[in-house]
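*Asks:* Please find one structure pasted underneath; my questions will follow.
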Amino acid sequence: MSPHLRLYPALVPLFFLLFVCLPDVARAQSGVQTFAREFAEHSESPLSFFLPDDVTYKSDIPTPHEVLGFNIGEWHLRHDLMVRYMEALAQASDRITIDFYGRSHELRPLVLLTITHPDNHGRIEEIRQQHIQLADPDVSENLDISAMPAVVWLGYSVHGNEHSGVNAAVLAAYYYAAAQGQAVESLLRESVILLDPSFNPDGQDRFVSWVNSHRNLNRLTADPVNREFNEPWPRSRTNHYWFDLNRDWMPLQHPESRYRLEQFHHWKPNVLTDHHEMGTNATYFFQPGVPSRNNPLTPERNYELTFKLAEFHAEYLDQIAQLYYTRETFDDFYVGKGSTYPDFFGTIGILFEQASSRGHIQESQHGLLSFPETILNQFLTSLSTVAGTHALREEFHAFKRDHYKTALEEAARDEVKAWVFGAPHDPARIYHLQDILLRHQLDFYTLDRDVTASGETFRAGRDFIIPTAQPNYRMVRSLFETRTSFTDSLFYDVSTWSLPHAFDLHHATLNNRAFNRNLLGEQVRADNIRFPEGRLHGGQARVAYIMEWDGYYAPRAINDLLRRGVRAKVANREFTLPTDAGDRVFMRGSVMIPVGIQDACSPDELYAMVQEAARSSAVDFFAVNTGLARTGIDLGSPSFSSLRTPEVLLVIGDGVNVSEAGETWFQLDQRYNVPVTMVETDRFARLDLSRYNTIVLPNGNYNRISASGRENLRRWTESGGVLIAYKNAVNWLVQHELATASFERVSEADQHDVMLPYQDASQLRGAQVIGGSIFSARADLTHPLLYGYRNPELSVFRNSTLFLAAPENPHAAPLRYTPNPLVSGYISPQNLEVLPGTASLMVSGRGQGRVILFADNPNFRAFWFGTNKLFANSLFFGHTISGLTVER
């Protein structure tokens, strides 16, 4: 038996009390009182509840109680107090250094401890550099892996209300700072532990404030209906903008993820842990997970080593009789999760899921579940991870070295040798893609020669090429490929995430015949990209300034001008005007700012404002000095529609999908600079809606809006408001006759005389879910909702089974799924039969108002840049849609 694994004497009476003496809920309150007394009895030696007793602990290392003023597990730990304690450890211990590697949206510091033997700290950069060389196939064979320390990243609580992880991190930091003995010395001498105690500090503090505010101070209560365990919407799982940061390792749209990834690649650890919580009635989970749902690009050896490490977790948890499971429920497929992303870089990512007390103590089907117990399990698997990685360190080093060698071998066998891609009319989208690729440490280049592929010509000096022959081949493949064949029909998350489709790029693959190294121009590096600046062409205009709508940040540019009182119009027809560079054709959707009708600013002030809008939003404006078009409409034409400043109300609250509401909020606030008012559903009836011209209903159930609230919404829409709804919100609007639409249904075969196995019920039901796939849709480029697009086929991300039927008015659905819509990802044959010809986007009419219905979320996880403009067009052009073209 490992010396770490003896059952802690302090736990024996407690676990007997929790799991044997209190089988009935009727005696739960008595048990809670006894538990509180038992835990309080450890106040003289509070850490004995958690810590192994086979080692001694240095007296000069401060305990959590000495710094925090309370015992771990007694209260939920605020982020600032956690940071204070970690700073105290770093000051007291020569085993620990502390780095503040970034800040969250709400400016809380992101913390990383480096824990190792004091002798290693003196040469920590040498250790890191040697470890990084394992990822370089040119030099890795010459490394003596037997002499290299293992590198373990312990990461906790990416979901803010899964708080046992943060508290376990404090215990782990104390243990490795204070524990004494030959075994500990040897482990630290041969290991570098990177401890990241809180992946999501903003969510953490939102949760801590709630549960501590509702904690009984004298007698804890375990009743699951108690307010302590039931946070209000949006709850605390997410970050500031309500994003799930455990889906952001690949998209990298938030500072917490971007800063963390920089540190990850700075070290490229052997193992990275991702400590989570799940439902209160669960037990404990650790990977390998469901084998058939592993990402097919992950090497089999990764799974084998994950299982070897699992044996260490099992041994530690068996000593306290903790129930667990390992090969069910969870998968390792989506590359944007914290336990999957590391697998693409020779690191073993490990997911841990602990049953959650969601407060201080709560009834469960296994008896009373205490917060200290949840912390203990996470702490033990932290120790087992470090111990297992240390014991297997040569195997982990060999795996990392081989991961990159075999990547080159797989790339050599791959028929695809490169992808070429570009966005000729939108440098901002290309900038954001470049930023993502560079943060993943992928090699790509400017295109040095023109090349034609898939019927398109890609231009030298303008477009880009990413070869597959590179050590990070698997990540390149994951981000650029399309995949429609799978070994399993169930997915814990999305089944595809192809970036060329997400960014709506023109792109193509190059095979061995089409590719040669001479196509590679200058390598794109972080120090030679910057956010593009737009410009005003032609100087100060006498008549008007015109901006085309292609640019990703065109909505931000025009929003900033509208909010400064500038009058603007959008063109509903093409036209040609002379500019300083010759005659130029301006597409539908181009925005005109006439000089002569402005009363909020002088011509000189307008000139300065347009210059600033162009520069900051990466769009070009053109000065024109005549309103008489060479072809098409003149600038005074009625085919121009006046724009209005979006005044947006975002409806949130119980029943509304938190993530999709947050994605809308993020898009408005971060991308377009549009201020947004957010109001809960149950306040809707009392609102004066006249101050808003746009209302957004994200995916969700709006039954909390009362009949008077619905009437309020009806009157507002009929008077000219633009109502935007996604997915299930569309259902609600149609049900209450606030929009006109119908739905296609998947036909179910008559199976009353068919007997199906009981064990297959979940699999069969799950196979009908569209967890996240990419489909092609045909776009009407003449419609205001499609202004700014040039390709009549658009890749749309779909993760629902809501099918909007083609409307009776043939103009009302400007984006419809093609006859063969599947581009990438999983969809059942039954759903695929229904999808073709249905609407991804349609417009209903109520009085003077417009109701814009999205069957799909255009703002998915903030990285689906290709469909964001559909949402922007709804905001800025929705009110201009002709009443002749809507479904009534």
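*Asks:* Any chance you could count how many residues in the range 595-621 are among the small types (Gly, Ala, Ser), free of Cβ contacts under 8 Å to residues at least 40 places away in the same chain and in a loop (DSSP other than H, G, I, E, B)?
*Replies:* Within the range 595-621, residues that are among the small types (Gly, Ala, Ser), free of Cβ contacts under 8 Å to residues at least 40 places away in the same chain and in a loop (DSSP other than H, G, I, E, B) number 2.
*Asks:* If Phe312 satisfies every condition in (1) modelled with pLDDT of 95 or more; (2) within 27 Å of the chain's Cα centre (by Cα); (3) part of a helix (DSSP H, G or I); (4) more than 19 Å from Met278 (Cβ to Cβ) but one, which is the exception?
*Replies:* (2)
*Asks:* Hey, does the range 365-380 have a residue that's of a type in the set (Phe, Trp, Tyr), in the same structural domain as Asp144 (by TED's automatic domain parsing), more than 30 Å from Met148 (Cβ to Cβ) and in a helix (DSSP H, G or I)?
*Replies:* yes
*Asks:* Still on this structure, please answer the following. Got at least one residue in the range 262-272 being assigned to a strand (DSSP E or B) and at pLDDT 95 or above?
*Replies:* Scanning the range 262-272 turns up at least one residue that is assigned to a strand (DSSP E or B) and at pLDDT 95 or above.
*Asks:* Hey, His276 hits all of (1) out of contact with any Phe, Trp or Tyr (no Cβ under 9 Å at 6 or more places or on another chain); (2) surrounded by 18 or more Cβ atoms within 10 Å (Cβ to Cβ) but one; which does it fall short on?
*Replies:* His276 satisfies all of (1) out of contact with any Phe, Trp or Tyr (no Cβ under 9 Å at 6 or more places or on another chain); (2) surrounded by 18 or more Cβ atoms within 10 Å (Cβ to Cβ) except (1).
*Asks:* Somewhere in the range 812-819, is a residue among the β-branched types (Val, Ile, Thr), within 19 Å of Ala779 (Cα to Cα) and either in contact with a Pro (Cβ under 9 Å, 6 or more places away or on another chain) or in a loop (DSSP other than H, G, I, E, B) (or both)?
*Replies:* Yes, there is a match, as at least one residue in the range 812-819 is among the β-branched types (Val, Ile, Thr), within 19 Å of Ala779 (Cα to Cα) and either in contact with a Pro (Cβ under 9 Å, 6 or more places away or on another chain) or in a loop (DSSP other than H, G, I, E, B) (or both).
*Asks:* Taking the conditions exactly as written (in contact with a Phe, Trp or Tyr (Cβ under 9 Å, 6 or more places away or on another chain) and crowded, with 17+ Cβ neighbours inside 10 Å), does Leu261 satisfy them or not?
*Replies:* In short, yes.
*Asks:* Right, next: Quick check on my filter: what residues within the range 453-496 are among the polar types (S, T, N, Q), surrounded by fewer than 17 Cβ atoms within 10 Å (Cβ to Cβ) and farther than 16 Å from Asn294 by Cβ?
*Replies:* Of everything in the range 453-496, those that are among the polar types (S, T, N, Q), surrounded by fewer than 17 Cβ atoms within 10 Å (Cβ to Cβ) and farther than 16 Å from Asn294 by Cβ turn out to be Ser454, Thr457, Thr482, Thr484.
*Asks:* Return a yes/no flag: does the range 504-511 have any residue that is part of a loop (DSSP other than H, G, I, E, B) and under 26 Å from Arg247 (Cα atoms).
*Replies:* Yes, the conditions are met somewhere in the range 504-511.
*Asks:* Taking the conditions exactly as written (of a type in the set (Phe, Trp, Tyr) and either touching a Phe, Trp or Tyr at 6+ places or on another chain (Cβ under 6 Å) or over 25 Å from Arg556 (Cα atoms) (or both)), does Phe640 satisfy them or not?
*Replies:* no
*Asks:* Here is a check on your reading of the model: is Glu256 within 12 Å of the chain's Cα centre (by Cα), more than 25 Å from Val651 (Cβ to Cβ) and of a type in the set (D, E, K, R)?
*Replies:* yes
*Asks:* Could you list, in sequence order, all residues of the range 523-579 that are within 30 Å of Asp443 (Cα to Cα) and crowded, with 22+ Cβ neighbours inside 10 Å?
*Replies:* Gly534, Asp550, Gly551, Tyr552, Tyr553, Ala554 - these are the residues of the range 523-579 that are within 30 Å of Asp443 (Cα to Cα) and crowded, with 22+ Cβ neighbours inside 10 Å.
*Asks:* In this structure, is Leu433 under 24 Å from the mean Cα position of the chain (by Cα) and surrounded by fewer than 20 Cβ atoms within 10 Å (Cβ to Cβ)?
*Replies:* no
*Asks:* A further question follows. Select, from Trp249, Trp210, the only residue that is surrounded by fewer than 24 Cβ atoms within 10 Å (Cβ to Cβ), among the aromatic types (Phe, Trp, Tyr) and in the same structural domain as Glu87 (by TED's automatic domain parsing).
*Replies:* Trp210
*Asks:* Looking for something assigned to a strand (DSSP E or B), in contact with a Phe, Trp or Tyr (Cβ under 7 Å, 6 or more places away or on another chain), without any contact (Cβ under 8 Å) to a residue 60 or more places away in the chain and not basic (Lys, Arg) - is there at least one such residue anywhere in the range 800-811?
*Replies:* No, because not a single residue in the range 800-811 is assigned to a strand (DSSP E or B), in contact with a Phe, Trp or Tyr (Cβ under 7 Å, 6 or more places away or on another chain), without any contact (Cβ under 8 Å) to a residue 60 or more places away in the chain and not basic (Lys, Arg).
*Asks:* Another question, if that's okay. Any chance the range 172-183 includes a residue that's assigned by TED's automatic domain parsing to the domain that holds Pro46, surrounded by fewer than 19 Cβ atoms within 10 Å (Cβ to Cβ), of a type in the set (Gly, Ala, Ser) and over 24 Å from Phe49 (Cβ atoms)?
*Replies:* no
*Asks:* Thr306 versus (1) of a type in the set (Ser, Thr, Tyr); (2) in a helix (DSSP H, G or I); (3) at pLDDT below 95: which is the lone unmet condition?
*Replies:* Unmet condition: (3).
*Asks:* Continuing with this model, one more query. Across the range 384-409, what is the total count of residues that are aliphatic (A, V, I, L, M) and either touching a Leu at 6+ places or on another chain (Cβ under 6 Å) or buried (at least 24 other Cβ atoms within 10 Å of the Cβ) (or both)?
*Replies:* The qualifying residues number 2.
*Asks:* Which numbered condition trips up Glu256, out of (1) surrounded by fewer than 20 Cβ atoms within 10 Å (Cβ to Cβ); (2) more than 21 Å from Ser478 (Cα to Cα); (3) among the acidic types (Asp, Glu)?
*Replies:* Of (1) surrounded by fewer than 20 Cβ atoms within 10 Å (Cβ to Cβ); (2) more than 21 Å from Ser478 (Cα to Cα); (3) among the acidic types (Asp, Glu), only one is false for Glu256: (1).
*Asks:* Within the range 843-888, which residues are of a type in the set (Ser, Thr, Tyr), over 10 Å from Leu723 (Cα atoms) and over 29 Å from the mean Cα position of the chain (by Cα)?
*Replies:* Scanning the range 843-888 gives Thr880, Ser882, Thr885.
*Asks:* Could you name every one of the helices (runs of 4 or more DSSP H) located completely within the range 58-167 that has at least 1 residues being surrounded by fewer than 20 Cβ atoms within 10 Å (Cβ to Cβ), among the aliphatic types (A, V, I, L, M) and in contact (Cβ under 8 Å) with a residue 12 or more places away in the chain?
*Replies:* 64-68, 79-92, 124-132
*Asks:* Which residues, counting only those in the range 622-642, are in contact with an Asp or Glu (Cβ under 9 Å, 6 or more places away or on another chain), exposed (fewer than 13 other Cβ atoms within 10 Å of the Cβ) and in a strand (DSSP E or B)?
*Replies:* Within the range 622-642, Thr631 is the sole residue that qualifies.
*Asks:* Across the range 390-440, what is the total count of residues that are more than 13 Å from Leu499 (Cβ to Cβ) and of a type in the set (Val, Ile, Thr)?
*Replies:* Residues flagged as more than 13 Å from Leu499 (Cβ to Cβ) and of a type in the set (Val, Ile, Thr) within the range 390-440 amount to 3.
*Asks:* Does Pro836 satisfy the condition of being assigned to a loop (DSSP other than H, G, I, E, B) and surrounded by fewer than 20 Cβ atoms within 10 Å (Cβ to Cβ)?
*Replies:* Here the answer is yes, as Pro836 does meet what is asked.
*Asks:* Can you tell me how many residues in the range 580-593 are buried (at least 20 other Cβ atoms within 10 Å of the Cβ) and outside any loop (DSSP other than H, G, I, E, B)?
*Replies:* 4
The values are calculated or read from the model by the stated rules, or taken from the named source; none is laboratory data. Since the structure is predicted, the reported quantities are computational estimates derived from the model, not experimental observations. Reconstructed Cβ throughout: ideal geometry from the backbone, glycine too, with neighbour counts over all protein chains shown.
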